[in-house]
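First the structure, in the form of structure tokens, and then the observations on it.
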Amino acid sequence: MIELSINHVSVRVAEGTTVAAALYLGANGISRVSISGEVRAPLCGMGICQECRVTINGRRHLACQTLCQDAMSVETCT
Amino acid sequence: MNADVIVIGAGIVGSACADELARRGLDVLVIDSQRGGATAVGMGHLVAMDDNLAEMALTQYSIGVWRELAKNLDASCAYRNCGTLWLAADDAEMQGAEQKMAALQTHGVACEMLSTSELQAAEPALRKGLIGALKVSGDGIVYAPNAARWLLARHAPQITRLDATVVEVDGNRVRLHDQRWLSATAVVLANGIHATELCPELPIRPKKGHLLITDRYPQLIHHQLVELGYITSAHANEGTSVAFNAQPRPTGQIFIGSSRQFDTLDNEVEGPVLARMLKRALEYLPGLEDMNAIRSWTGFRAATPDGLPILGEHPQQPGLWLAVGHEGLGVTTAPGSAHLLAALMFKEIPAFDARPYQFGRFSGAAATVAEATP
């Protein structure tokens, strides 16, 4: 198992899990909040729709294109 | 007659023309092929340009109108009076900035020089080592697709929209894809890059451009930032060139340009050109390296040989009026173009000299127009 944090809460997932999947497994699934205040979640799962942008270890990434790693710090964008 | 005036093209130029003619009490039919053009893909930078007197007159008049319109534009038009900083990377460019300032000030455009330290304070995200900048405070930005819609809705009862493709123009008549002929007292051709399909004699070439927009990084930059070398790039008539141009979107996103390529109508994003453009952007905003781009796309500017639009009646087709060839400045110059066209149509004296924009300035049509001009 891999242990990472999502918004400073510890989450354990199986190896090979994407950050997008971890958002659903260990949190509420929300990746970000749109400019008009709507919550957004991973949608296309293939790096096109850009809905799953989150901050990982301080840098903005696509959650669906990133595999979870030990000690990773994921922050959803609000 | 199907209307007083038929406008072909519902982009920013066609919409501004329709708005101005409707304001003067005419019934306007706006026909748009729904293919999209430069309005849908451009930056929407409202910028005073001083390459020649005609360009200065047109941009300055237009920006004044935009500033008035801004009082009523709805929030979706995202108008901001953010100003432009023309960035000088070396002493030669600083001299260029000073010349530009002198030219703009002669024509009453408010601007000032920023020293190295003033530039640093104004835009800390820019790389160290830039010499200074020319700040043009009246410049701004607008989201052109919504501004075009707003202009068409403003005098709604007098403007009718028709989504259809015009396949032929004959003076004051147009033929639609379904073979119907429509007519009006005047037809205005304002369909940008598609104008040569209806008037092959127009000297308009497509200039392809790439744009890229980032995720939201609020307050990173505050003005539209343009390198002074942009002017050289913008004037190139062949080859591929890039120049740094970045815009702070009201959403906090950074909107990055620019590139120019000739003689292609392929709208694919080209990796090597995008890479060159972004490398240039990194030279000015090194912090972009850690940021996330969310989309890039391309568009085509409708470029004339001298960079000025073609505005006025077609010398060989009475009843057909031209408002095309705005290249990269159509959003800026749409209000001035509309004013000029309407003034000429109503036989009034426009606020600035109409002659530099006549189609007749290009060979072929020249003789006819020279004779017609008093």
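The values are calculated or read from the model by the stated rules, or taken from the named source; none is laboratory data. Computed from a predicted model, the values in this text were never measured in an experiment. Cβ sites come from the backbone with ideal geometry, for glycine too, and all protein chains shown count toward neighbours.
Before moving on, here are some points about what is shown:
- Flag if B:R67 is of a type in the set (D, E, K, R), surrounded by fewer than 20 Cβ atoms within 10 Å (Cβ to Cβ) and part of a loop (DSSP other than H, G, I, E, B): no
- Taken over the range A:19-78, the criterion of being among the polar types (S, T, N, Q) and over 13 Å from the mean Cα position of the chain (by Cα) is satisfied by A:S34, A:S36.
- Of residues in the range B:286-295 being within 14 Å of another protein chain (Cβ to nearest Cβ) and in contact (Cβ under 8 Å) with a residue 40 or more places away in the chain, the one surrounded by the fewest Cβ atoms within 10 Å (Cβ to Cβ): B:R295
- Condition check for B:L73: under 30 Å from B:R173 (Cα atoms) and modelled with pLDDT of 95 or more: no
- Scope the range B:206-253; condition assigned to a strand (DSSP E or B), among the polar types (S, T, N, Q) and within 14 Å of chain A (Cβ to nearest Cβ); matching residues: B:T214, B:Q253
- Check on B:K100, basic (K, R) and either assigned to a helix (DSSP H, G or I) or in contact with a Lys or Arg (Cβ under 9 Å, 6 or more places away or on another chain) (or both): yes
- B:V30 vs. criteria of a type in the set (V, I, T) and not in a helix (DSSP H, G or I): yes
Each row is one residue, and each column tells you yes or no for (1) assigned to a helix (DSSP H, G or I); (2) within 14 Å of chain A (Cβ to nearest Cβ).
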| site | (1), (2) |
| --- | --- |
| B:Q261 | no, no |
| B:A281 | yes, no |
| B:W297 | no, yes |
| B:R301 | no, no |
| B:L311 | no, no |
| B:L329 | yes, no |
| B:S363 | no, no |
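- Listed conditions (1) buried (at least 24 other Cβ atoms within 10 Å of the Cβ); (2) touching a helix residue (DSSP H, G or I) at 6+ places or on another chain (Cβ under 8 Å); (3) outside any loop (DSSP other than H, G, I, E, B) are all met by B:I6, apart from (2).
- When the range A:37-78 is limited to residues that are touching a residue at least 60 places away in the same chain (Cβ under 8 Å) and part of a loop (DSSP other than H, G, I, E, B), the one that is farthest from the other protein chains (Cβ to nearest Cβ) turns out to be A:D70.
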